[in-house]
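K.L.:
Structure below; questions to follow.
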Amino acid sequence: MNNPQLNKQGELQHLLSTEGLPSRILYDILDRASTFVDLAGRGEIKKVPLLHGKSVFNVFFENSTRTRTTFEIAAKRLSADVVNLNIGSSSTSKGETLLDTVDNLCAMHADMFVVRHAQSGAAHLIAKHVAPEIHVINAGDGRHAHPTQALLDMFTIRHYKKEFHNLRVAIVGDILHSRVARSQIHALTTLGVPEVRVIAPKTLLPSHVEQLGVRVFHDMAQGLRDVDVVLMLRLQNERMQGAALPSAQEYFKYYGLTQEKLALAKADAIVMHPGPMNRGIEIDSSVADGAQSVILPQVTFGIAVRMAVMSTLAGAK
Amino acid sequence: MNIQILNGRLIDPKNEVDAAKDIFITAGKILAIGKAPAGFVAEKTIDAAGLVIIPGLIDLAARLREPGYEYKATLESEMSAAVAGGITSLACPPDTEPALDEPGLVEMLKHRARALSQAKVYPVGALTYGLKGVELTEMAELADAGCVAFSQADAPLTDTRVLMRAMQYAATFGFGVWLRPQDSFLARDGVAHDGEVATRLGLPAIPVCAETIALAIMLQLARETGVRLHICRLSSAAGVAMIREAKKGGLAITCDVSMNHIHLSEMDIGYFDSNCHLIPPLRNQRDRDALRVGLHEGVIDAICSNHSPVDEDAKQLPFAEAEAGATGLELLLPLVLKWAQQGKLTISDAIAKVTHNSAQILNIDAGHLSLGAAADVCIFDPASCWKVEAAALMSQGKNTPFLGMEMQGKVRYTLVHGQIVYQAMQNNK
């Protein structure tokens, strides 16, 4: 089976998932992102003309403010024309199918789609459908993947820890429903992190998760011991209705990240979160705002990483 | 019409025949096998040199989509597909719109099918009104109208008391009850096997215990009620083990599997191939292997196409939203032959699972070529290879996981009641 993300020359054609990409491509994106960070950091030109004359369509079938905004900023800094479409469920309720919507946008001469959709596989479906000169970036599909989030997490880890091959990383929370977790796991294992842990109650872990190459922990104290990086996940409120958890209070008590639990990790461990945070549910405010938190730098790096992804795709033949 | 089929290899599992024999047909029945009876004058001769002659296939699950879903398929399109696949009898599940829960609907379906004079249609009636799992249908009336068994198709029946009553009532009249085991709570929102692939792709999953828990309830109620229970579309190794035990314990049940599930596994979903969105879900390779062993041992009695034509638009959606189902009528024979070849079975042992055994489950006199039997015959070229292509399929449903794959074994002629109802276009061998 051909990898739908790569073209015949092995270059990145679409970014749909961090799974199945060679580490070379991941490192190229991270390297490129760091040039954009340097550029912005020196306070020089914020804007580069790499996507000049190109149209980027942010097509969000699922609501999001933060991710859409960072993509918009990234595209604008690359001098692209940006069109934002919050489709939500309005179009589908009018009877238009996903691919009809995409066809219409293609007819408006889109060069790149940034797509978020509530269903796993939506970005793959679109990528398979569009003409070969159009690029698709998955900005989150169901529980499946959120590759740019994972890449900005990798960028942040590399920024603070320099190397991947000597790290212990723990991902904490609702792995079952999380596209972020899946993309993080694939990115971490591809980049050579020797030990990736997941920490969650059994109701929030998919079956056979260990086959993704992770060690499974149900106990925070054991799982956090001696880790270098703690990746927290957002807990959706609806998990309480689905009988996955009894209460937010109990979840916080056993799986919420507090200073006390964080003390079990290495002294220089960093704490990350994809946002938006539920303070007091998965993370205590003192940790979120504490010295080990790199949650805000994540957001800053997110723009550079998305610029790197877009410019990489635009460079692909 | 008097027809003679000469020079072919006759394979008839029920009568344990596998030899070069000529067949002579008159008035819709098998008149003689081997030598032409004195005075027999053939009006039509089929030269079957290099071809195999078998009883017409009997498919235990073929959705014709009428009434109600004519945009997916029509009786005309699907009946043509059936005979093109060598199928001469088929059972259709009751999940039409409305469901087959009224004698009038059943009579209409039988009438429409008869008017097409192609394959014989055996409707399976709804076990409960509207397949809602609440009130029993008028099973005796439905049987008089032509229903051969009663089923919930893929609709849940969660109320175990209703299920027990339904079985008791069916048992009163000796009717068969056909059920697909799946606990609807455990399977809720699920679209793929709860395994490695669903975990990787982030697809809502259906665990194996959804099958085994429902199966345990069904087997226990069959013991209690003495109903003639047929288990449809088994999907898991654990399910096979339970059926094996139940049969060993003397419970008179039968069981089928879909052709998709003996050839495919969750791995075939690949990158969200919605053609592999099937009911039940494709499970892992160990499950597939166990289904094959179960078939071989006779734990599973029959193979069906589980033909479920879906319109193209309904498949052009993200995996979970795409409608489940695949076309199958024209692939049943080659996929059974493929299984035979891979499992080192004789053609006779393999096709028993789609002829004689299926007839026994349906409780009809068919699926064999005995003297005096209805001349429902399939004649195929065992060496002919062909590629599955959407445009070439007669079925209105064009979606199947086997698109683009090479098949071996092509139907040349299909006869129903001694009438040639299908003849392949390129007949030059």
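Every number here is computed from the coordinates shown, using simple stated rules; none is lab data. Note that this is a predicted model, so its numbers are computed, not measured. Cβ placement follows ideal geometry from the backbone for every residue including glycine, while neighbour counts extend to all protein chains displayed.
K.L.:
Can you tell which of B:328, B:166, B:350 lies farthest toward the positive end of the dipole of chain B, using +1 and -1 charges on the Cβ of basic and acidic side chains (Lys, Arg; Asp, Glu)?
P.N.:
So the residue we want is B:350.
K.L.:
Give me the percent relative contact order of segment A:246-305, please, defined on Cα pairs under 8 angstrom at least 6 residues apart.
P.N.:
39
K.L.:
Another question, then. What ³J(HN,Hα) values, in whole Hz, does the Karplus curve 6.51 cos²θ - 1.76 cosθ + 1.60 give for segment B:227-240 when θ = phi - 60°, with x put for Gly and Pro?
P.N.:
Computed from phi, the couplings for segment B:227-240 are 5, 7, 9, 10, 8, 9, 6, 4, 10, 10, 4, 5, x, 4 Hz.
K.L.:
Per-residue Cβ counts within 10 Å, from other chains only, averaged over A:96-106: what number is that?
P.N.:
Mean partner shielding for this stretch: 1.
K.L.:
Under 16 Å from the Cα of residue B:14, which aspartates and glutamates turn up, not counting those fewer than eight places away in the same chain?
P.N.:
B:301, B:349, B:365, B:376
K.L.:
Further question: Under 5 Å between amide hydrogens, which residues at least 5 positions from residue B:17 or on another chain qualify, with H placed 1.01 Å from N in the peptide plane?
P.N.:
B:12
K.L.:
Along the charge dipole of segment B:8-154, pointing to its positive end and built from +1/-1 on Cβ of Lys, Arg, Asp and Glu, which listed residue (B:108, B:80, B:60) has its Cα farthest out?
P.N.:
The residue sitting farthest along the positive end of the dipole is B:80.
K.L.:
Based on Cβ point charges of +1 for Lys and Arg and -1 for Asp and Glu, what charge dipole magnitude is obtained for chain A about its Cα centre, in debye rounded to the nearest 20?
P.N.:
In total the dipole reaches around 240 debye.
K.L.:
What is the sum of charges around residue B:111, taking Lys and Arg as +1, Asp and Glu as -1, for the other residues whose C-beta is under 15 Å from the C-beta of residue B:111?
P.N.:
So the surrounding residues net to -1.
K.L.:
Among the lysines, select those whose C-alpha is under 25 Å from the C-alpha of residue A:253, and discard any that sit fewer than 8 residues away in the same chain.
P.N.:
Here the lysines satisfying the reach criterion relative to residue A:253 are A:202, A:261, A:266.
K.L.:
Each residue of segment A:65-76 in order: what ³J(HN,Hα) in whole Hz does its phi give by Karplus 6.51 cos²θ - 1.76 cosθ + 1.60, θ = phi - 60°, with x for Gly and Pro?
P.N.:
Once rounded to whole Hz, the list reads 9, 4, 5, 4, 5, 5, 5, 5, 4, 4, 5, 5.
K.L.:
Another question, then. Which lysines have a Cα lying under 16 Å from the Cα of residue B:120, excluding residues fewer than 8 positions away in the same chain?
P.N.:
B:29, B:110
K.L.:
Same structure again: For segment B:243-387: lysine pairs with Cα atoms under 28 Å, gap of 8 or more or different chains, count?
P.N.:
Step by step, the pairs that qualify in segment B:243-387 add up to 12.
K.L.:
Between residue B:107 and residue B:296, what is 0.36 nm times their sequence separation minus the Cα-Cα distance? Round to one decimal in nm.
P.N.:
Extra length available between residue B:107 and residue B:296 comes to 64.3 nm.
K.L.:
Another question, then. Using Cα pairs under 8 angstrom and six or more residues apart, how large is the relative contact order of chain B, in percent?
P.N.:
Dividing the mean separation by the residue count of chain B yields 20 percent.
K.L.:
Shifting gears a bit: For a footprinting-style exposure proxy, rank B:385, B:255, A:106 by other Cβ within 10 Å, fewest first.
P.N.:
The most exposed by this proxy come first: B:385, A:106, B:255.
K.L.:
By the scheme Lys and Arg +1, Asp and Glu -1, what is the net charge of all other residues having a beta-carbon under 13 Å from that of residue B:203?
P.N.:
Around residue B:203, the charge tally is -3.
K.L.:
If the chain between residue A:258 and residue A:103 were fully stretched, how many nm would it gain, using 0.36 nm times the residue separation less the Cα-Cα distance? List each step's numbers first, then the result.
P.N.:
On the way: separation 155, 0.36 × 155 = 55.80 nm, distance 4.80 nm.
In short, 51.0 nm is gained.
K.L.:
So for segment B:1-156, taking the charge dipole from beta-carbon charges (+1 Lys/Arg, -1 Asp/Glu), which of B:17, B:91, B:36 sits furthest toward the positive end?
P.N.:
Looking along the dipole axis, the top candidate is B:36.
K.L.:
Let me ask you something else. What is chain A's relative contact order, in percent, from Cα pairs under 8 angstrom and six or more apart in sequence? Display every interim value, and only then the final one.
P.N.:
On the way: 592 pairs, mean separation 62.6, N = 317.
20 percent.
K.L.:
If we count every other residue with Cβ under 12 angstrom of residue A:265's Cβ, Lys/Arg +1 and Asp/Glu -1, where does the sum land? Could you put the intermediate results ahead of the total?
P.N.:
Working: positive: A:168, A:197, A:225, A:261, A:266; negative: A:226, A:228, A:260, A:268.
My count for the surroundings of residue A:265 gives +1.
K.L.:
Turning to a different aspect of this structure: If I take R0 = 41 Å and measure r between the Cβ atoms of residue B:44 and residue B:392 in this structure, what FRET efficiency does the formula 1/(1 + (r/R0)^6) give, to the nearest 0.05?
P.N.:
According to the calculation, E is roughly 0.95.
K.L.:
Considering only C-alpha atoms, what is the centroid distance from segment A:7-63 to segment B:316-391, in Å?
P.N.:
What the calculation gives is 51 Å, centre to centre.
K.L.:
A further question on this structure: Connecting C-alpha atoms closer than 10 Å in a GNM of chain A, tell me which of A:59, A:271, A:209 has the biggest fluctuation.
P.N.:
A:209
K.L.:
Taking a label point 7 Å from the Cα of residue B:76 along the Cα→Cβ vector, which residues of segment B:391-409 have an amide N closer than 14 Å to it?
P.N.:
B:395-396
K.L.:
So, one more: Place a +1 charge on the Cβ of each Lys and Arg in segment B:51-139 and a -1 charge on the Cβ of each Asp and Glu, then give the dipole magnitude about the Cα centre in debye, rounded to the nearest 20.
P.N.:
Details: 8 positive and 12 negative charges, 63 e Å.
With only Lys, Arg, Asp and Glu charged at Cβ, the dipole is about 300 debye.
K.L.:
While we're here: Would you mind working out the magnitude of the charge dipole of segment B:169-225 relative to its Cα centre, with +1 at each Lys and Arg C-beta and -1 at each Asp and Glu C-beta, to the nearest 20 Debye?
P.N.:
So the magnitude is around 100 debye.
K.L.:
Name the residues whose placed amide hydrogens come within less than 5 Å of the amide hydrogen of residue A:135, ignoring near sequence neighbours (fewer than 5 apart) on the same chain.
P.N.:
The list, which skips near neighbours in sequence, is A:112, A:113.
K.L.:
How well do other chains shield peptide B:314-324, expressed as the mean number of their Cβ atoms within 10 Å of each residue Cβ?
P.N.:
If you average over the peptide's residues, the count of other-chain Cβ atoms is 5.
K.L.:
If the chain between residue B:341 and residue B:19 were fully stretched, how many nm would it gain, using 0.36 nm times the residue separation less the Cα-Cα distance? Could you put the intermediate results ahead of the total?
P.N.:
Values: separation 322, 0.36 × 322 = 115.92 nm, distance 1.88 nm.
My answer for the length gained is 114.0 nm.
K.L.:
For segment A:270-289 and segment B:42-111, what is the centre-to-centre distance using only Cα atoms, to the nearest Å?
P.N.:
The two parts, judged by their Cα centres, are 61 Å apart.
K.L.:
Here's a follow-up. What FRET efficiency do you get for residue A:250 and residue A:162 if R0 is 45 Å and r is their Cβ-Cβ distance, rounded to the nearest 0.05? It would help to have the intermediate numbers written out before the result.
P.N.:
Numbers: r = 38 Å, r/R0 = 0.84.
Calculated value: 0.75.
K.L.:
Further, regarding this structure: In whole Hz, what ³J(HN,Hα) sequence does segment B:336-353 give by Karplus (6.51, -1.76, 1.60; θ = phi - 60°), x for Gly and Pro?
P.N.:
5, 5, 5, 4, 4, 5, 5, x, 6, 9, 6, 4, 4, 4, 6, 6, 4, 6
K.L.:
Taking H placed 1.01 Å from N in the peptide plane, check which residues at least 5 places from residue A:80 or on another chain put their amide H under 5 Å from its amide H.
P.N.:
A:51
K.L.:
Continuing with this model, one more query. Considering only C-alpha atoms, what is the centroid distance from segment B:226-288 to segment B:135-173, in Å?
P.N.:
Measuring centre to centre over Cα atoms gives 22 Å.
K.L.:
Taking only Cα atoms and a 10 Å spring cutoff, compute GNM fluctuations for chain B and point out the largest among B:313, B:273, B:95.
P.N.:
Among B:313, B:273, B:95, the largest mean-square fluctuation in the Gaussian network model of chain B belongs to B:313.
K.L.:
Looking at chain A as a GNM with Cα springs under 10 Å, which of A:107, A:265, A:244 has the largest mean-square fluctuation?
P.N.:
The residue with the greatest mean-square fluctuation here is A:107.
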